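The structure appears below as structure tokens.
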Amino acid sequence: MAHFEGIAFDQALIDGRAVAEVVRAQVAIDVGEFRSEFGRAPGLGTLLVGDDPASATYIRMKHRACEEVGIASIHRTLPADATQEDVERVTHELVADDAVDGVLVQVPLPAGLDPEPVILAVPPTKDVDGFHPWNLGAIASTLDGIASCTPQGVMTLLDAYDVPLVGAEAVVVGRSRTVGMPMAMLLLQRNATVTVTHHLTRDLAKATREADVLIVAAGVPGLITADMVKPGAVVVDIGTTHTPDGLRGDVLFDDVAKVARLVSPVPGGVGPMTIATLLQSTLKLAQARARARA
Ligand code: GUN
């Protein structure tokens, strides 16, 4: 892709920070154009429920990233003992706010709260996470929708490294609605031959060894070892588990780097792309809303 030509890529490493920087710089330019055309900044509304430190950190990083590119952010918080009603009410308030183009309710919600009605409370036109069934349906068809930030960010990474997808054997480990499932649909959209595995898959290694492109989103640190990877494969690690030794991915990086052509590290691989994609998606929703009104 032309706008990634300036990056001198390390041969074996998928450098998410470098690609994310390019994406963010482009979003900053596009936000500037949006502001001069429509006289306002795109706006991201977020809701954080409870006091999970990792979620609080992610939300802070999202706000800082918004600020850097000129996107306004409106942040609401609720205590861990908030009721289902509280969460849905604040979500509706963010949706109703005219300055908000995209609404993000940080998940997981504290135990006892049901995310489903909250996801449905955000209409597809403000669903920056792409969690609404309409948006999932849109990426499963030819409609233009918002894809969940992490899988969309992986697609941007694969394109930045010119990874061939047409006809390629792509194996996705994990089928969550927010990552694995949309990941599989995005790869299918690009004409890869997609296999989706999950925790009940009988022989995971048999499936992963077939992969030209292996995308891992299981949340099990060190799950993927070198013997599970086809020599020359491209391996993308979406796993992020907070352990006493720090953030750990699902791929045993040093081991797998010896057989893979390309592998993404944790941290510094997919993580930065998730936030860069959130900025792109917020801008995309803002543009769609502004144009619908013009
Ligand atoms: N928690 C971890 N990643 C995400 C994300 O992309 N969106 C939301 N809403 N919550 C998350």
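Name the residue, out of VAL128, VAL171, that is under 26 Å from LEU204 (Cα atoms) and either away from the ligand (no atom under 16 Å from the Cβ) or of a type in the set (A, V, I, L, M) (or both).
Step by step, each of VAL128, VAL171 is checked, and only VAL171 is under 26 Å from LEU204 (Cα atoms) and either away from the ligand (no atom under 16 Å from the Cβ) or of a type in the set (A, V, I, L, M) (or both).
Taking the conditions exactly as written (in contact with a strand residue (DSSP E or B) (Cβ under 6 Å, 6 or more places away or on another chain) and without any contact (Cβ under 8 Å) to a residue 60 or more places away in the chain), does ALA170 satisfy them or not? Answer is yes for this residue. Within region 50-78, residues that are under 20 Å from ALA25 (Cα atoms) and without any contact (Cβ under 8 Å) to a residue 12 or more places away in the chain reach partners that are crowded, with 18+ Cβ neighbours inside 10 Å and among the small types (Gly, Ala, Ser) with beta carbons closer than 8 Å, at six or more positions or on different chains, in the pairs GLU67/SER73. Restricted to region 222-274, and to residues that are assigned to a loop (DSSP other than H, G, I, E, B) and of a type in the set (Asp, Glu), which residue is farthest from the ligand (Cβ to nearest atom)? Once the filter is applied, the top-ranked residue is ASP245. Only one of the numbered conditions (1) within 16 Å of the chain's Cα centre (by Cα); (2) more than 10 Å from the ligand (Cβ to nearest atom); (3) within 23 Å of ALA54 (Cβ to Cβ) is violated by ASP114, and that is (1).
Looking at region 135-143, can you tell me whether even one residue there is within 15 Å of the ligand (Cβ to nearest atom), within 20 Å of GLY50 (Cα to Cα) and buried (at least 20 other Cβ atoms within 10 Å of the Cβ)? Among the residues of region 135-143, not one is within 15 Å of the ligand (Cβ to nearest atom), within 20 Å of GLY50 (Cα to Cα) and buried (at least 20 other Cβ atoms within 10 Å of the Cβ), which makes the answer no. Yes or no: PRO151 closer than 22 Å to GLY271 by Cα and either in a helix (DSSP H, G or I) or among the polar types (S, T, N, Q) (or both)? For PRO151, the condition - closer than 22 Å to GLY271 by Cα and either in a helix (DSSP H, G or I) or among the polar types (S, T, N, Q) (or both) - is met. Scanning region 177-203 for residues that are modelled with pLDDT under 95 and hydroxyl-bearing (Ser, Thr, Tyr) turns up just one, THR178.
Scan region 220-237 and give yes if some residue there is among the acidic types (Asp, Glu) and closer than 17 Å to THR178 by Cα, otherwise no.
Looking through region 220-237, at least one residue is among the acidic types (Asp, Glu) and closer than 17 Å to THR178 by Cα.
Which of the residues belonging to region 45-57 are under 21 Å from ALA99 (Cα atoms) and more than 11 Å from the ligand (Cβ to nearest atom)? Once the filter is applied, which keeps residues that are under 21 Å from ALA99 (Cα atoms) and more than 11 Å from the ligand (Cβ to nearest atom), region 45-57 yields only GLY45.
The values are calculated or read from the model by the stated rules, or taken from the named source; none is laboratory data. Treat the numbers as computed from the prediction; the structure is a model and nothing was measured. Cβ coordinates were reconstructed from backbone atoms using ideal geometry, including for glycine residues, and neighbour counts include every protein chain displayed.
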